[in-house]
Each structure stands twice: as C-alpha cells, then as structure tokens.
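Report on one structure; see the data block that follows.
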C-alpha cells in the first residue's frame, strides 16, 4: 500500500512539473491599473488648440519618437499621454508659441498578437477593454486541439519582457502576445 501511495504522489508531482505553469509576476496585473504608456506603432491624435497646421495624427516610430513640426523629434516611448502633452508644450514654448495648449489622445493602439492553437494566428487591432477571449474570437476562435482554460501572455513592462499564464477572462494591454497551448487529452 505505501508503494502505491508513493507512486501516485510521484506521478502527480511529475504532472505538475510538466505542466509548465508559470504564475504571472505581480507587475503583470499592476500595469492594468496604471496609466497607459505609449510605445512604437501607437498612432496619436495631437491637437494644438488654435494651431490647425500643427494638429494632426502622428505615429510613434520604431525608435520611440514622433516627428513634430517646428520642434523635430520628440521622445514618446514610455510616456503617458499627459507627459507627452506637457513635453510638446514645453518645446513649443521655446520660441515658437507663447502659451500652447496641447492635447494628446491615442487614435489607434499598437496591435496584439495571437499565436498557437487558434484558427487564424496573426496580428490584430487592439480595442480598449479587450480581453484574451475577445482576441481569440477575433483570431477565429480556438482550434480543435486548443487548451481553452488559460493562455500564456508575453507583455513588455518598463522595458522588461515578462511572461505569465492567465485565464482567458484576463484583460489585455496593447502589444501583448497571446500563445494558446495545445491540450494533451
């Protein structure tokens, strides 16, 4: 009898070890309650009130900058919308405009990526409030071999790339990569 118990416990331990479960770091969910940080491929609508020639949409390039009239390249990666608005206002005050009133809004967020056991893996437009389940539905739904309870997500937070396993009801952030694993049974 003790040998059977030992074998059952050993088998359970090996199954848990093989599952590859990786609990998401605490920063993974903390970032969901913090202000959105801009990054490459975000498309911004910038309005300088009273200055129609400066008001336009701008895309953050791969280096993390936008090219803004009069002031040139302005670092946008890692800043909130309010921080970028203040930075543009400071630069415009330096000999261009007396008291600029600048507003920055995200017009289009950077995409999310869905990989693994889905019908149509690929890059998809992020929509505010999107969950893992919404992204999988956008990718055509699960394949017949998909593990449907949870997924692996890769998320960049403060320049660091973090991975974690989350339920499909979890919210996403722009730029997330979702990997749907294959089930074994």
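Please find, within segment 1-46, the residue that is farthest from residue 154 (Cα to Cα) out of those that are at pLDDT below 70 and surrounded by 11 or more Cβ atoms within 10 Å (Cβ to Cβ).
Applying the first criterion (at pLDDT below 70) to segment 1-46 yields 1-22.
Next, from what is left, pick out any that are surrounded by 11 or more Cβ atoms within 10 Å (Cβ to Cβ): 19, 21-22.
Numbers: 19: 18, 21: 14, 22: 12 Å.
Here the residue is 19.
Does segment 103-115 contain at least one residue that is within 30 Å of residue 50 (Cα to Cα), over 13 Å from the mean Cα position of the chain (by Cα) and free of Cβ contacts under 8 Å to residues at least 60 places away in the same chain?
Yes, segment 103-115 contains at least one residue that is within 30 Å of residue 50 (Cα to Cα), over 13 Å from the mean Cα position of the chain (by Cα) and free of Cβ contacts under 8 Å to residues at least 60 places away in the same chain.
Mind listing whichever residues of segment 120-135 are more than 13 Å from residue 177 (Cβ to Cβ) and out of contact with any helix residue (DSSP H, G or I) (no Cβ under 9 Å at 6 or more places or on another chain)?
Result: 128, 129, 131, 133, 134.
Quick one: is residue 84 on the phi < 0 side of the Ramachandran plot, not assigned by TED's automatic domain parsing to the domain that holds residue 163 and not in a loop (DSSP other than H, G, I, E, B)?
In short, yes.
State whether the residues of segment 117-137 include one that is over 17 Å from the mean Cα position of the chain (by Cα) and in contact (Cβ under 8 Å) with a residue 40 or more places away in the chain.
Within segment 117-137 (the criterion being over 17 Å from the mean Cα position of the chain (by Cα) and in contact (Cβ under 8 Å) with a residue 40 or more places away in the chain), the answer is yes, since at least one residue qualifies.
List the number of the failed condition for residue 167; all other conditions in (1) modelled with pLDDT of 95 or more; (2) under 25 Å from residue 28 (Cβ atoms); (3) in contact with a strand residue (DSSP E or B) (Cβ under 6 Å, 6 or more places away or on another chain) hold.
(1)
Looking at 134, 120, 163, which one is outside the structural domain of residue 80 (by TED's automatic domain parsing), over 21 Å from residue 35 (Cα atoms) and outside any loop (DSSP other than H, G, I, E, B)?
134
The values are calculated or read from the model by the stated rules, or taken from the named source; none is laboratory data. Remember, predicted model here, so these are calculated numbers, not experimental data. In this analysis, Cβ positions are derived from the backbone assuming ideal geometry, glycine residues included, and neighbour counts consider all displayed protein chains.
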